[in-house]
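K.L.:
Sharing a structure, written as structure tokens. Questions coming.
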Amino acid sequence: KSEYIRQMSLSSRMIYSDNLLKLDNQILTQNIEINKLQLAEQQSKNQIIYLYLSLVGLFILCLLAFMWHLFITRRKFKKRAQTDFLTGVANRQHSFEQGEQFINHAKQVHQDISVLLFDVDHFKKVNDLLGHESGDNALKVIVAKAGLCLRKNDLLGRIGGEEFLVILRDTDLDTAQEIAERIRLEIAKESIVHNGMKLPLSVSIGVTCSKGEDILDEMIARADKALYKAKNNGRNCVFID
């Protein structure tokens, strides 16, 4: 009887141990499943965060690209609004605006500033004999040659059909006259050829320098008087006011 009881007790302990082991295995399995679910949930959250950050990054890139496009477009439109469409130099409005700024600055720092006004000689003859396309080419050549004689901080602008304005910063009258003469000589080397016909190019130039409290209109008026004298003196020459 005692042996039977002992065996029953042993059997019960074994069953209990087996059930306990099964229970532990179930708990472990459940913990593993829970960990898998938590891991899957965390991965899902990470994917959402990654997607969100990707979208934010894409939005920022698109915004920066749009802002850059606006900047470039605005700069292009601004340049077009300030530039003569044919020659690529400053147009009349921009020439006058920049000229006023240059003169005001020259007053503040007590520097000389000079103005050249030049006009293409017999330009109507070029258009009439060779055509307007040749006339346009002549203006482009003249601008290119004049530009070779100027510094980066000088201004060259087209203010009329064949009339150009040059503003020379920190330049006295003698130096301005020398620059004007260089421009005249450079242009006088050129000719326009069309269908076997050749016409020489030349310009007449009027020069003036700042006098006290000048404004741009006054300086241009004086340069224009000097230019008129150059025209009456046979053209292809430089006169100073």
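The values are calculated or read from the model by the stated rules, or taken from the named source; none is laboratory data. Small disclaimer: the values here were computed from a predicted structure and weren't measured. Quick reminder, even Gly has a Cβ in these numbers, built from the backbone with ideal geometry, and neighbours come from all protein chains shown. For accessibility, only protein heavy atoms count, side chains too; no ligands or nucleic acids. Shrake-Rupley method; radii C 1.70, N 1.55, O 1.52, S 1.80 Å.
K.L.:
Given (1) buried (at least 21 other Cβ atoms within 10 Å of the Cβ); (2) outside any helix (DSSP H, G or I), identify the lone condition not met by A176.
P.N.:
If we test A176 against (1) buried (at least 21 other Cβ atoms within 10 Å of the Cβ); (2) outside any helix (DSSP H, G or I), just (2) comes out false.
K.L.:
Testing A144 on (1) without any contact (Cβ under 8 Å) to a residue 24 or more places away in the chain; (2) part of a helix (DSSP H, G or I); (3) over 25 Å from the mean Cα position of the chain (by Cα), one condition comes back false. Which one is that?
P.N.:
Of (1) without any contact (Cβ under 8 Å) to a residue 24 or more places away in the chain; (2) part of a helix (DSSP H, G or I); (3) over 25 Å from the mean Cα position of the chain (by Cα), only one is false for A144: (3).
K.L.:
Does any residue of segment 194-216 turn out to be touching a helix residue (DSSP H, G or I) at 6+ places or on another chain (Cβ under 6 Å), among the polar types (S, T, N, Q) and more than 23 Å from F102 (Cβ to Cβ)?
P.N.:
yes
K.L.:
Among the numbered criteria (1) open to solvent by 60 Å² or more (accessible area, probe 1.4 Å); (2) in a loop (DSSP other than H, G, I, E, B); (3) touching a residue at least 24 places away in the same chain (Cβ under 8 Å), which single criterion is violated by N153?
P.N.:
(3)
K.L.:
If I179 satisfies all but one of (1) closer than 22 Å to H110 by Cα; (2) in contact with an Asp or Glu (Cβ under 8 Å, 6 or more places away or on another chain), what's the number of the condition it fails?
P.N.:
Looking at each condition in turn, I179 falls short on (2).
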